[in-house]
1. Select from the stretch 94-108 the residues that are more than 15 Å from Tyr47 (Cα to Cα) and at pLDDT 85 or above and write down the one among them that is least open to solvent (accessible area, probe 1.4 Å).
2. Confirm whether Leu152 is under 18 Å from Trp106 (Cα atoms), within 17 Å of the chain's Cα centre (by Cα) and open to solvent by 10 Å² or more (accessible area, probe 1.4 Å).
3. Going by the conditions given, is Gly136 free of Cβ contacts under 8 Å to residues at least 60 places away in the same chain and part of a helix (DSSP H, G or I)?
4. Looking at the stretch 145-155, is at least one residue outside any helix (DSSP H, G or I) and either closer than 18 Å to Arg51 by Cβ or at pLDDT below 95 (or both)?
5. I'd like the full set of residues that are under 16 Å from Ala148 (Cβ atoms), of a type outside the set (D, E, K, R) and open to solvent by 20 Å² or more (accessible area, probe 1.4 Å), limited to the stretch 109-121.
6. Being among the acidic types (Asp, Glu) and closer than 30 Å to Lys90 by Cβ is the filter here; which residues of the stretch 114-156 pass it?
7. Could you tell me which of the residues Arg4, Arg76, Arg51, Arg68 is at pLDDT below 75, in a helix (DSSP H, G or I) and open to solvent by 60 Å² or more (accessible area, probe 1.4 Å)?
Amino acid sequence: RPKRGREVPTTAIRLLGQAIESTDDPLDPAIRLASILLDLDNAVQAYAQLRRITRMDPFFQEQHRALREIFDGPDRLPAVFERVQRSAGKNTEDPLALTVCGLVMWRAGALDRAKGYFSQAIGQDEECFPANMYLGLLLLQAGQVRAAVGYLERAHEAEALNPVARRLLARAY
C-alpha cells in the first residue's frame, strides 16, 4: 500500500481509541476498531478489542437517555460492512474473526447475517464465549428465550465471572 494509505488506518485507530475512552457508550467505536484491526490482519489487537467488547453493556441505550450514534444499516457505513465481509472471507475458520463480523452486523441491524456469523463461529468452536454470548443476546432480544438460554449458559460456563454474560443469563432465566 502507498504510505498515505497506512496513515489513514493509523489515524482511524487512534481516533477510535480516543472515542472509546471518552464516551459513556463505547460499544460502537470498539466494534469499528476491532473490524479495522481485523481487516489489517492484526488479529491479536482485534481479539483484545473483542475481549473488551464482551465487558461492555449492550443495554446502555435502553437504560440511559443519550444521543445515539448513527449506525442504522449497511448504507450508512458501507466501509465497515465491506471491511468485515472481506475479513470474514479471509478468516472463514477463525471463530473470533467471525464473531467480530457478527458484531458489526448486529449493530448495523442485519440480524440474520449476524446470527449466521455467530452460528458459523460456534460451528468452528462450540465453546466460543463471545459468539455464544452474542447469539444468546440476539435470540433473547427476538423473544426466543428458550433458544437463548442454551447459548447464554454455554457462555456463562466459559466465563462465569464475565458480568455481561452473567446478567444476560439472569435476564433469560
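The values are calculated or read from the model by the stated rules, or taken from the named source; none is laboratory data. Treat the numbers as computed from the prediction; the structure is a model and nothing was measured. Every residue, glycine among them, receives a Cβ derived from its backbone with ideal geometry; neighbour counts consider all protein chains shown. The area values use the complete protein model at the heavy-atom level, side chains included, leaving out ligands, DNA and RNA. Shrake-Rupley method; radii C 1.70, N 1.55, O 1.52, S 1.80 Å.
1. The residue in question is Met105.
2. Criteria not met by Leu152.
3. yes
4. Among the residues of the stretch 145-155, not one is outside any helix (DSSP H, G or I) and either closer than 18 Å to Arg51 by Cβ or at pLDDT below 95 (or both), which makes the answer no.
5. If the condition is that a residue be under 16 Å from Ala148 (Cβ atoms), of a type outside the set (D, E, K, R) and open to solvent by 20 Å² or more (accessible area, probe 1.4 Å), then Leu111, Ser119 are the ones that fit.
6. Asp125, Glu126, Glu127, listed by residue number.
7. Arg4
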